[in-house]
Amino acid sequence: MLHTEDKKSVLSQGIIIFVYLAILTGLEFLVAISFDSVPLLVTVALVKAALVVYYYMHVYKLNLEQEDDTSYDYKSDTNRLGLWLFLVSDSFVFAGLMAMRINLLGLTRPELNQFLGLAVTAVLLISSYFMNRGETLMHNGDRQGFLRNTAITFLLGLGFLLGVVIIEWHTIPAIAEAVLHLFGEPAGVEPLKPTSGVAGAAFFMMTGMHAFHVLTGLILLAIVWFNGRRGLYDEKNYPVEAAAVYWHFVDVVWIFFYPALYLIGTVVK
Amino acid sequence: MSKTNPVRSGLLLLVVGGAIGYGIGLVLDLLISGSLNFNGSVAAAFALLLAVTSFFFGIYGYRGITRGLVFQVVGTLLGALFITGIRALLGSKTIFGPFFFSEPAWVFGALVGDVSFIFGVGVMNDWVKWARGIDTPEHHEDEPGWEKYFGVSLDHKVIGIQYTANALVLMAIGGTFAMIFRTELAQSQLQFLTTTFKLFNQTGPQFYNTIMSLHGIMMIISILLGVSGIMNYVVPMIIGAHDMAFPRLNAFAYWVAVPATVLFLMSLVLGGFDTGWTGYPPLSARAPVGMQMFFLAVFTAGWSSILGSANVIATVVRMRAKGMTAMRLPIFVWASIATSIIALTATQLIGLSFQLVMFQRLFGMGFFDASKGGNPVLFQHLFWFYSHPAVYVFVLPGLGVISELLPVFARKPLFGYRWIAMSSLGIALVGFTVWAHHMFTSGMNEYLRVPFMYSTLLVAVPTGVKFFSWVATLWGGKIETPTPMLFVLGAIIVFLLGGITGPPNAAIALDLHLHDTYWVVGHFHDTIFGGFVFPFFAAIYYWFPKATGRRMNEFWGKMHFWIMTPSFLVLTFGMMRVGLLGMRRRIADYDPALGFDSTHLIMTIAGFLIFFSVLIFFINLFHSINHGEKAEGNIWNSRSPEWQVPSPMPVHNFEVPFVVVGEPYDYGLADSKYVEFSPNGSKHAERTAVPETEKHH
C-alpha cells in the first residue's frame, strides 16, 4: 500500500489505516490486562506511530531539494520543513518526560481506571481519522466535507481534553465520580493527586503537557475551520495540512503515553 | 523628540521612572511589611521595571520595544494581582509574601508579562491577522536610520544586529557582575560583601552567590544571542538568500529574548538565588523567588534558540544560490547547521528540567524530592543533556568564524575543506553522548562513568582536525594581521589551551579531584573565550563595515586585543593554579592558609584589565558607527559574495543574484572564481518589491 494522490484511494487508505490502528490498540489493551509484556507493548506502539507518521502525517511529502522557485507550492514545502523541524524539537520534550517516567517509576504504574483510559484513547484515535478525512477532502476542493469532518475532529478532541482534565484529574469531583462510576470504578477510591508521590507527579506532568498540546491543536483547528468556511483554503490549503499534521503529532505522543501511563508494568498504590 | 538627543532624554527618564518606581515599591512594601526597606526587593523591583521602560520611552517613544515593555510591566502586575485575588478569595494564609506578591503570583505574573511583551511589541500582528484570515504583504518597509532597531523588523540583517546588541548588553551586565565578585575575591576573608551587607533582601555572601550565578547564566544567554546574531546577519547573505526562510518567526525568536533579559534582572532583585547557573535541586527547590524568575528567563530565552535554529536549517536547506552544493557551502554555514541541530533539539531538555523544578515548588510535585520518591540525579541528567551540548552551540559558530576568516587573511586556500565541514557535524553528534561527564561525583550508577569518559575523549578527535587544518592553512601563507585576524589567531591559541585542559577533566580518576575546583573554571573560560568570545569580536570587527559602511578604528582595535589577550591568559592560568591548589568554585571566601592570596590579587588585576579593554571596544564601536573611516568596498579582499557588492548591504541583499561557479576558499590561486553575478541567478536572491503604501507600523 503505497501513498497515493487519488481522492478515493486516499479516503479508503485512511479507513484501512484507522482499522489497523484500532485493532492494534485493542491488542495493546488485551495484552496489558492479560499478561504483561513490555517488548510487545513497545513494538505495538512503534508500529502504530509509524503508521500515523507515514500515512496520516505523510512525512514523505517532505521535500529537501533546492529548487529555483518562488511559487506557493515551493513555499509550502519550506513551511512543511519548518513544521517538521518544530515537531522534532517538540518530541524532545515528550522524550524527556518519558525518560523521567522511566527513571522515577520503572516497571510500575499508577492505579488508574483502565476503561476510562481506553475510552479517551479511542476518542483521540477516531478524531485522527476524521482529521485525515477532512484534510483529504479540502485538498480535493470539497469545502463542506472539510468543515464537517474538522468539526467532528474538534468535538472529539474537546471530548478527550475534558475527559483527561475533568474526569481523570478529578478537577470537578462530582462529575468525575459519576462518570467513573459508569466505567465500573468502585466508590471511595482515593483519586491520584499531583502531590501524592512520584507516580502522581509523573502522571500529571505527562498528561498536563499533552493536554496543553491538545489545547493548542484545538485552537489551530478552530482557526482553520473559520477561515476554511470563508473559502480561504479552496486554492491554497497548506494551513489545513499544517493543522492536521500537528493534530496527528499530538495523537502520536499519546500513542506512547497511553501504554506508558496505563498499560506497562505493575500497579503501585 | 526630533530636536532633543534621544539618549539624553532616555537617561533622564530612566532616573525619573526609576525614582517613581522606587517610591511606589517603598510604599507598597511599607503597607505589607510595616517597615521601610530602602534597599529591599520590592522597591528595587518596581524601580527596575519602571526605569527600563522609561528609558526606552525616552529614546524611542511609545512604540516598538517601549510598548512591549509597558505591556510586560502591566501584564506582570495584572497576572500577579489575579493570583493574589484568587488566594485572597480562597482564604489562603499567605496572600502576600516577603517580596510583596507571593511566589505563585510572581511566577504567573512574570509569565503573563512575557506573553504580553510579545503582543505589545507587535511581533504577533501578522500572525494574528493570518489567523483572522487577513493577508499581509511578504515584507514590511523598515523605518529609516537607527529607529528600525527598536521596533519589529523582518529584515534578517536588522534582526542580526538586534541580537548582537542585546548580546553585548547582557555581556556588559554579566561582566560587571564578574568585576564585583572578582574584587571580593582579591583577598581572603570578606571585605565588602560581608554578612552585615544588605541589598535586595540578601546578605553579602548571598548577594555574592546571586551575582556569581547571574554572571554564569547572563553570559551564556549573551553567547546564545551572539551566536544567533552572527548566524542571522551572515548566513542568508553568504548563501545568496534575500532573507531567512521565515522572517516573522525570526523576529519572534529575537523578541522573546528581551522579556527574558528583564526577567534575569528581576531574579537579581527578587531575593536572588544561590545555586549557580545550574540550578540543581534540592537547593533550587527552596531558594527565594529569584530562582523562579531565573527559570522562567532561561525558559523564555530557550525559545529564541530553538526557533532561531529551525529557521537557520530551513533557510540553508531551501534558499541557497544556484550552484551552491553541499561541498561548496561556506564553512560558517556548516558550523551554523551543526550548532542549530543541537540547539533545536537539546534545548527542550533544559526547559523541561527547569519546568519540573518550578512545578515542584509551585504544586508540591515530587520529581526531585527524595522524601516523595523523587530523584535529584534525574534533574542532572535532563539538565546536562542540553547544557553540555550547549557549549558546542557556543563554540561551533566561533570555530566556523575562525575557519571562515583564516584563509582571507592567510591568502591561502583553507586546508582540508571536507574534513573541517564534517568535523563540525562530528562534534555536534558526539556532543549528544557526553553529558554525564559532569556527574562523575554525583552518585549516579558507576558503570555509566567509563562509557561517558570515552565518548568525552572522542570529542578531541574532530576538534583536533580543526586545529590541524588551521595550522596547515597558516603554513606558508602571506599572513596579514588587521584586527579581525589578530582575534582569530588569539582565538586559536586560547581555544588550544581550553582544549588541552579538557581531557584531564574527562578522565574519571582525575576528575574526582578536579571536580568543582577553579581548575574547571579556568578550563571553561579558555574554551568559551577561545571558541566564542575571540571569534565574536573578530566577526564584529570583520563584518562591521558591511553593516555600516565604515570600519572600526584599527589602533583601538589592536589595543583591545593586546590588552585583553595577555590579561586573559594570566587570569585563566591563575584560575587553574588556585584550582589545583584546592580553591573551590562558587564560594565567596577562601582560607588564607592555602597560600594563594597573591594569585587571586593578580587575577583580579587581570580581570580589570579585560574589563578596561572591552570598554575600549564599546567606545570604539559606538564612535565608529558615525565617525569611523569610510569603507564601502571589499576592504578585506575577500572572495565571499557579500564583499563583492558595496557596503552597507541593501535591504534584500543582492540586487543582482549570483551563481556559485567555484570553490569558496581558493585564495591565491590564479583564475579561480567563487561567485559570478548574473540576472539568471537564483530567484531566492531577487529583491521583493515592497508597495509604497505599506508602511511599517
| message | I'd like to know if the stretch A:18-34 contains one or more residues that are at pLDDT below 90 and either among the hydroxyl-bearing types (Ser, Thr, Tyr) or open to solvent by 70 Å² or more (accessible area, probe 1.4 Å) (or both). | response | yes
query = Does the stretch B:359-382 contain at least one residue that is away from every other protein chain (no Cβ under 12 Å), open to solvent by 10 Å² or more (accessible area, probe 1.4 Å) and closer than 30 Å to B:Ala287 by Cα?
reply = yes
Quick count over the stretch B:309-338, residues being open to solvent by 10 Å² or more (accessible area, probe 1.4 Å), in a helix (DSSP H, G or I) and more than 9 Å from every other protein chain (Cβ to nearest Cβ), is 5
Note: among B:Phe561, B:Phe524, B:Phe555, B:Phe529, just one is of a type outside the set (S, T, N, Q), part of a helix (DSSP H, G or I) and open to solvent by less than 20 Å² (accessible area, probe 1.4 Å), namely B:Phe561
**Request:** Answer with yes or no whether B:Thr347 is within 9 Å of another protein chain (Cβ to nearest Cβ) and either assigned to a helix (DSSP H, G or I) or open to solvent by 10 Å² or more (accessible area, probe 1.4 Å) (or both).
**Result:** yes
Only one of B:Thr565, B:Thr548, B:Thr481 is over 18 Å from B:Thr463 (Cβ atoms), of a type in the set (S, T, N, Q) and at pLDDT 95 or above, namely B:Thr565
Reported set for the stretch B:445-466 where residues are part of a helix (DSSP H, G or I) and of a type in the set (S, T, N, Q) is B:Ser455, B:Thr456, B:Thr463
Checked against (1) in a helix (DSSP H, G or I); (2) facing another protein chain (nearest Cβ under 10 Å); (3) under 22 Å from B:Trp277 (Cβ atoms); (4) out of contact with any Pro (no Cβ under 6 Å at 6 or more places or on another chain), B:Ile341 satisfies every condition except (3)
Filter the stretch B:278-291 for residues that are surrounded by fewer than 21 Cβ atoms within 10 Å (Cβ to Cβ) and within 13 Å of B:Ile350 (Cα to Cα); the one that is farthest from the chain's Cα centre (by Cα) is B:Tyr280
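Every residue, every condition in (1) part of a helix (DSSP H, G or I); (2) without any contact (Cβ under 8 Å) to a residue 40 or more places away in the chain, yes or no:
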| position | (1), (2) |
| --- | --- |
| B:Thr599 | yes, yes |
| B:Phe612 | yes, no |
| B:Phe618 | yes, no |
| B:Ile625 | yes, no |
| B:Glu632 | no, no |
Apart from one, (1) closer than 24 Å to A:Lys236 by Cβ; (2) open to solvent by 40 Å² or more (accessible area, probe 1.4 Å) all hold for A:Phe146; the odd one out is (2)
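Quick grid of which residues meet (1) touching a residue at least 60 places away in the same chain (Cβ under 8 Å); (2) aromatic (Phe, Trp, Tyr); (3) surrounded by fewer than 21 Cβ atoms within 10 Å (Cβ to Cβ):
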residue	(1), (2), (3)
B:Gly398	yes, no, no
B:Gly416	no, no, yes
B:Ala421	yes, no, no
B:Asn445	no, no, yes
B:Val450	no, no, yes
B:Tyr454	no, yes, yes
If we ask which residues in the stretch B:24-51 are open to solvent by less than 40 Å² (accessible area, probe 1.4 Å) and under 29 Å from B:Asn5 (Cα atoms), their number turns out to be 7
Please verify whether B:Val578 is over 26 Å from B:Ile230 (Cβ atoms), of a type in the set (Val, Ile, Thr) and either within 24 Å of the chain's Cα centre (by Cα) or crowded, with 20+ Cβ neighbours inside 10 Å (or both), treating the condition exactly as stated.
yes
Checked the stretch B:210-252 for anything under 26 Å from B:Val675 (Cα atoms), more than 14 Å from every other protein chain (Cβ to nearest Cβ) and not hydrophobic (A, V, I, L, M, F, W, C); matches are B:Ser228, B:Gly229, B:Asn232, B:Tyr233
Part of a helix (DSSP H, G or I) and either over 19 Å from the mean Cα position of the chain (by Cα) or touching a residue at least 24 places away in the same chain (Cβ under 8 Å) (or both): does that describe A:Val123? yes
Residue in the stretch A:160-172 that is outside any helix (DSSP H, G or I), within 14 Å of chain B (Cβ to nearest Cβ), surrounded by 17 or more Cβ atoms within 10 Å (Cβ to Cβ) and in contact with a Phe, Trp or Tyr (Cβ under 9 Å, 6 or more places away or on another chain) present: yes
The condition from (1) assigned to a helix (DSSP H, G or I); (2) more than 13 Å from chain A (Cβ to nearest Cβ); (3) open to solvent by less than 10 Å² (accessible area, probe 1.4 Å) that B:Gly272 misses is numbered (1)
Restricted to the stretch A:59-116 and to residues being among the acidic types (Asp, Glu) and more than 9 Å from chain B (Cβ to nearest Cβ), the residue nearest to B:Val312 (Cα to Cα) is A:Asp73
Here the residues within the stretch A:220-269 that are of a type in the set (Gly, Ala, Ser), in a helix (DSSP H, G or I), more than 21 Å from A:Leu62 (Cβ to Cβ) and open to solvent by less than 20 Å² (accessible area, probe 1.4 Å) are A:Gly228, A:Ala260
With criteria (1) facing another protein chain (nearest Cβ under 9 Å); (2) on the phi < 0 side of the Ramachandran plot; (3) surrounded by 20 or more Cβ atoms within 10 Å (Cβ to Cβ), A:Gly197 comes up short on (2)
Given the conditions (1) open to solvent by less than 10 Å² (accessible area, probe 1.4 Å); (2) within 14 Å of chain B (Cβ to nearest Cβ); (3) over 30 Å from B:Asp369 (Cα atoms), every one holds for A:Met138 apart from (2)
Of the residues in the stretch B:232-246, those that are assigned to a helix (DSSP H, G or I) and open to solvent by less than 10 Å² (accessible area, probe 1.4 Å) number 7
Among (1) open to solvent by 10 Å² or more (accessible area, probe 1.4 Å); (2) part of a helix (DSSP H, G or I); (3) of a type in the set (Phe, Trp, Tyr), B:Phe294 falls short only on (1)
B:Ser469 fails exactly one of (1) of a type in the set (S, T, N, Q); (2) in a helix (DSSP H, G or I); (3) open to solvent by 40 Å² or more (accessible area, probe 1.4 Å), namely (3)
Screening B:Ser442, B:Ser387 for residues that are outside any helix (DSSP H, G or I), within 14 Å of chain A (Cβ to nearest Cβ) and hydroxyl-bearing (Ser, Thr, Tyr) leaves only B:Ser442
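The values are calculated or read from the model by the stated rules, or taken from the named source; none is laboratory data. Not measured: the values here are computed from a predicted model. Every residue, glycine among them, receives a Cβ derived from its backbone with ideal geometry; neighbour counts consider all protein chains shown. Accessible surface areas use protein heavy atoms only, side chains included; no ligands, DNA or RNA. Shrake-Rupley method; radii C 1.70, N 1.55, O 1.52, S 1.80 Å.
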